[in-house]
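Okay, structure first, notes after.
The values are calculated or read from the model by the stated rules, or taken from the named source; none is laboratory data. Every value quoted in this text rests on a predicted model; they were computed, and no experiment measured them. Neighbour counts are summed over all protein chains in view; Cβ atoms, including those assigned to glycine, are modelled from backbone coordinates with ideal geometry. Calculation scope for accessible area: heavy atoms of the full protein, side chains included, ligands and nucleic acids excluded. Shrake-Rupley method; radii C 1.70, N 1.55, O 1.52, S 1.80 Å.
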Amino acid sequence: MPRGRRQGRVSALESGLAEEAPPGATALPLALSQSPQQIEATDEPVLLRGIFEIGRGSCDVVLSERALKWWPIQPERPAGDSKFDLRYKEESVELKDIFSVKLKRRCSAKQPRSGTLLGITLFICLKKEQNKLKNSTLDLINLSEDHCDIWFRQFKKILAGFSNRPKSLKILLNPQSHKKEATQVYYDKVEPLLKIAGIKTDVTITEYKGHALSLLKECELQGFDGVVCVGGDGSASEVAHALLLRAQKSAGMETDQILTPVRAQLPLGLIPAGSTNILAHSLHGVPHVVTATLHIIMGHIQPVDICTFSTTGKLLRFGFSAMFGFGGRTLALAEKYRWMSPNQRRDFAVIKALTKLEPEDCEISFLPLNSSQDDPKLRAQGSLKSDYNDQWQTIQGQFLNVSIMAIPCLCSVAPRGLAPNTRINNGSMALIIARNTSRPQFIKHLKRYATIKNQFNFPFVETYTVGEVKVHPRNTTSGYSPEEEDRPHENSFPWNVDGDLMEVATEVHVRLHPRLISLYGGSVEEMNDSQVTCNCL
């Protein structure tokens with residue numbers, strides 16, 4: 001049951017509202033209706049007031065425009081008896097945290113759907129520690145059909161007023177994600193919550209890589225309020241790329257050359273069912289299936305920055321983050337050992353890439369971000385126009401790894417994030433460069449990601465806040481022969497874009513596009529600042 005708070009009481013029903021409720025709804029003791037604590041309460045309009053059994057005791061329940069509040073019904077204090085200085089313990093739930101309401105009945109084998117009415121059940125989204133959300137229930141017990149009907153209809157009316165919450169979703173499920181657990185994750189944890197919330201779903205199980213992309217190019221999405229991806233980072237990035245491509249085509253834009261792309265038309269929900277779940281972790285602050293599902297149900301939407309990756313004037317894809325050099329080679333190796341488990345494949349690829357550690361000879365050009373643009377006050381005011389220096393800066397040399405990230409890239413192996421100074425929608429990218437160094441020093445740098453120590457506090461690591469980046473390899477062989485297994489095609493270079501392998505032989509131009517796509521999820525910063533409430537339900 002929600003945590004109690006000693007506060008003032010809600011005043012008695014206004015005369016006009018009292019006539020709408022059945023007699024049982026307002027038949028309260030005079031001592032309750034005239035309680036000094038209730039008279040001192042706020043002037044928030046009262047919609048309904050009645051008696052329900054909550055837990056194991058009868059309660060005085062008040063429904064206002066913002067919250068449901070209740071107090072245990074106490075015996076009337078004897079006149080002049082100072083020993084009975086009763087304090088009323090108020091408990092409450094904010095209406096914005098309720099996502100469904102059902103009539104509670106005692107069901108039997110003979111009457112599975114029309115058993116004896118017991119009352120009303122409210123389904124509630126609770127904020128817990130570590131950015132997690134939890135679903136819970138609150139039972140309001142009253143055997144009166146008329147009484148419960150009035151309250152039930154009022155709750156339904158209130159829930160219908162939350163227009164941002166989805167009513168119909170297109171679900172794309174990748175059954176091959178992680179240990180092939182995505183299907184079980186969806187049907188065991190996600191679908192039951194969506195059914196409780198009354199959300200209609202249309203599920204498509206993808207059959208091959210690129211299936212979601214081809215599907216979203218053609219399928220009808222007019223009747224849906226959002227698209228949900230159940231899978232890992234590669235699946236989620238593919239769906240985001242498909243939604244943005246669809247938006248460009250709908251706007252009549254040429255997709256080969258996109259300088260100012262239009263926003264995606266539908267929000268994207270991410271259910272983490274992969275091996276790393278960087279996108280979901282960065283968005284929600286935790287890779288938790290129930291948390292991700294409840295953000296979708298509650299209609300919590302965050303605008304998120306995304307990048308375009310292009311070469312020689314041709315769009316390659318949309319993406320949130322990329323790694324070139326060691327990060328790209330590691331993924332190229334891991335893709336060749338997909339028969340291994342995800343963790344084994346990742347660890348094996350990292351070790352093998354480290355044993356053959358060699359730098360890339362390339363030229364990196366970038367547009368740095370003006371310091372004034374990174375002001376949080378400007379971001380709060382929505383001032384996210386590009387405010388970059390118009391002078392490109394260029395560095396050349398031998399680089400072990402180059403990371404370009406528009407999101408913090410939180411994951412289990414980097415709890416602070418691969419780019420901890422970046423946010424999901426602050427209008428900038430992090431450019432992190434590791435120059436050539438000894439293998440032990442580079443390994444020490446990689447190990448820092450799993451700790452609270454500063455992983456950038458090395459003389460060979462450089463960080464920049466940028467809006468655009470160009471990576472131009474100057475040596476097409478870089479000391480490797482085309483036959484080596486971490487370079488699948490001759491004269492091509494592997495890139496890791498959101499966990500997907502992208503092979504490019506020429507310069508790659510990465511351009512940031514602030515808040516180009518909306519994702520279902522709460523702001524990690526806001527959730528960390530908010531207090532945990534109702535944790536006793």
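Kindly list the number of the only condition in (1) out of contact with any Asp or Glu (no Cβ under 7 Å at 6 or more places or on another chain); (2) at pLDDT below 95; (3) in a helix (DSSP H, G or I) that fails for H241.
Among (1) out of contact with any Asp or Glu (no Cβ under 7 Å at 6 or more places or on another chain); (2) at pLDDT below 95; (3) in a helix (DSSP H, G or I), H241 violates only (2).
With surrounded by 15 or more Cβ atoms within 10 Å (Cβ to Cβ), of a type outside the set (V, I, T) and at pLDDT below 90 as the only criterion, which of S428, S386, S412 stands out?
That would be S386, the only listed residue that is surrounded by 15 or more Cβ atoms within 10 Å (Cβ to Cβ), of a type outside the set (V, I, T) and at pLDDT below 90.
Is there any pair with a first residue in region 197-226 that is farther than 30 Å from F123 by Cα and a second that is among the hydrophobic types (A, V, I, L, M, F, W, C) and in a strand (DSSP E or B) whose Cβ atoms are under 7 Å apart and which are 6 or more apart or on different chains, and what are they?
T206/L172; T206/L173; A212/L172
Can S177 be described as open to solvent by less than 20 Å² (accessible area, probe 1.4 Å), assigned to a loop (DSSP other than H, G, I, E, B) and either of a type in the set (D, E) or closer than 25 Å to H288 by Cα (or both)?
For S177, the condition - open to solvent by less than 20 Å² (accessible area, probe 1.4 Å), assigned to a loop (DSSP other than H, G, I, E, B) and either of a type in the set (D, E) or closer than 25 Å to H288 by Cα (or both) - is met.
Search region 414-432 for residues that are in contact (Cβ under 8 Å) with a residue 24 or more places away in the chain and pair each with any residue that is open to solvent by less than 20 Å² (accessible area, probe 1.4 Å) and charged (D, E, K, R) when their beta-carbon atoms are under 7 Å apart and the residues are at least 6 apart or on different chains.
I424/D305; N425/D305; G427/D305
Let's see how each residue does on (1) touching a Phe, Trp or Tyr at 6+ places or on another chain (Cβ under 8 Å); (2) open to solvent by less than 70 Å² (accessible area, probe 1.4 Å); (3) at pLDDT 95 or above:
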| residue | (1), (2), (3) |
| --- | --- |
| S82 | no, no, no |
| R87 | no, no, no |
| S92 | yes, yes, no |
| I124 | yes, yes, yes |
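Count, please, the residues in region 432-470 that happen to be crowded, with 16+ Cβ neighbours inside 10 Å, of a type in the set (S, T, Y) and under 16 Å from E358 (Cα atoms).
Residues flagged as crowded, with 16+ Cβ neighbours inside 10 Å, of a type in the set (S, T, Y) and under 16 Å from E358 (Cα atoms) within region 432-470 amount to 1.
In region 188-215, what count of residues is obtained for those that are closer than 27 Å to Q344 by Cβ and not β-branched (V, I, T)?
8
If the Cβ limit is 9 Å and pairs must be 6+ apart or interchain, which residue in region 119-132 that is farther than 17 Å from H300 by Cβ pairs with which residue that is assigned to a loop (DSSP other than H, G, I, E, B) and of a type in the set (K, R)?
Pairs that qualify, where the first residue is farther than 17 Å from H300 by Cβ and the partner is assigned to a loop (DSSP other than H, G, I, E, B) and of a type in the set (K, R): there are none.
Anything in region 315-339 that is modelled with pLDDT under 95, closer than 17 Å to S237 by Cα, of a type in the set (A, V, I, L, M, F, W, C) and touching a helix residue (DSSP H, G or I) at 6+ places or on another chain (Cβ under 6 Å)? List them, or say none.
None; the set is empty.
Is it the case, given these coordinates, that V286 is closer than 25 Å to A419 by Cβ, assigned to a loop (DSSP other than H, G, I, E, B) and of a type in the set (A, V, I, L, M)?
Spelling it out, V286 is indeed closer than 25 Å to A419 by Cβ, assigned to a loop (DSSP other than H, G, I, E, B) and of a type in the set (A, V, I, L, M).
Within region 159-174, restricting attention to residues that are touching a residue at least 24 places away in the same chain (Cβ under 8 Å) and part of a loop (DSSP other than H, G, I, E, B), which residue is surrounded by the most Cβ atoms within 10 Å (Cβ to Cβ)?
Here the answer is N174.
Scanning region 396-409 for residues that are more than 14 Å from N496 (Cβ to Cβ) and among the polar types (S, T, N, Q), which turns out surrounded by the most Cβ atoms within 10 Å (Cβ to Cβ)?
Q398
Do we have any residue at all in region 111-121 that's assigned to a loop (DSSP other than H, G, I, E, B), modelled with pLDDT under 95 and under 35 Å from the mean Cα position of the chain (by Cα)?
no
Could you give every pair whose Cβ atoms fall below 8 Å, whose first residue belongs to region 135-158 and is over 17 Å from K69 (Cα atoms) and of a type in the set (D, E), and whose second residue is open to solvent by less than 40 Å² (accessible area, probe 1.4 Å) and at pLDDT below 95, counting only separations of at least 6 or pairs across chains?
E145/L117; D146/P22
Here is a list: P272, P303, P287. Which entry is within 23 Å of the chain's Cα centre (by Cα) and closer than 14 Å to S518 by Cα?
P303 is the lone residue from the list that is within 23 Å of the chain's Cα centre (by Cα) and closer than 14 Å to S518 by Cα.
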